[in-house]
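Nothing in this text is a laboratory measurement; each read-out follows from the coordinates by a stated rule. Treat the numbers as computed from the prediction; the structure is a model and nothing was measured. Every residue, glycine as well, gets a Cβ built from its backbone with ideal geometry; the counts of neighbours run over all protein chains shown.
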Amino acid sequence: MDYNDAMSRGTGPAQRSGWRRMVEQFARFEYVLSGWDWSRVDRVLDLGCGTGELAAWMKRTSRDAEYIGVDRRDDAIDEARRRHPQMRFLNGDLYEVCRAEADVDLTVAIGTLIDGEVPSGDEDRRRRVRRLADEAIVRSRVGAVVVALNQTVIDERPELALEPALFGIEPDAFGRIVREATPRGWCHRVRGNLLGTDLVGTVWTEGAFEPVDHAELQQRACRRAVEADEVGGLDESWLWEQVERDELARGNK
């Protein structure tokens, strides 16, 4: 099974990293997008949309902005269109779409550094983030969110380090690149076991975004994910195990 097959089926290291488990994706969207003033967001561009999990989150949380998802994998786009026929999905190169969709308000790039190409080293990873910042982040009128994996964490966890195509960036390098992309930039590492491999970079225009308390937002994300119709069975049991381990939302089962 190749890497993209493993990603789409949610098996192996790809699943353990959290990118393809629906419950973690749902929590991730809640975590990184709740601080935005959505009254200022009319169009959202989702880079590396996969099968449309962000579209499902926007619908469930009543975000009425126009959604555009883009992914280079044919099978992912086909499934996204089947699941969300009312949304717009494009199959193609991320950066070509960025240039074509120049009037986007909010750009979301979650996991776009994960692909089937093995990076040649640290500088290759940094180059990819710089390109994402230069060609995607700065084009958005209201702001952008980039979520990448923490390469330091990957190197320390054998089940992640065994997968050569699963890669991220060093936290310090990530922070510098995001801050250089715009004078207004905010970078942080997600704490705890739920999304503990994530690095989040957020850039925004005046008044469009307000950073919130991390622990409070992660707790809210956990609750919403458990309450969502998409989550059940083993996923729900797994999530509450993580919540209790992080000492979040105790007594709220």
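When the chain is fully extended, how far beyond the present Cα-Cα distance does ALA102 get from GLU206, taking 0.36 nm per residue of separation?
Numbers: separation 104, 0.36 × 104 = 37.44 nm, distance 1.96 nm.
Between ALA102 and GLU206, full extension yields an extra 35.5 nm.
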The relative contact order of the stretch 47-88, taking Cα pairs under 8 Å that sit 6 or more residues apart, comes to a percentage of 53 percent
Most to least packed among 138-149, 178-189, 39-50 [average Cβ atoms within 10 Å]:
138-149, 39-50, 178-189
Quick shape check on the stretch 87-155: root eigenvalues a ≥ b ≥ c of the Cα gyration tensor, a/c under 1.5 is rounded, otherwise prolate if a/b tops b/c, else oblate, and it reads prolate
How do GLU53, GLU66, GLU170, GLU210 line up, fewest other C-beta atoms within 10 Å first?
GLU210, GLU66, GLU170, GLU53
3J(HN,Hα) from dihedral phi, the stretch 27-43, Karplus parametrisation 6.51/-1.76/1.60, rounded to Hz, x for glycine, proline
5, 5, 4, 4, 5, 9, 10, 6, x, 7, 7, 6, 5, 9, 10, 9, 9
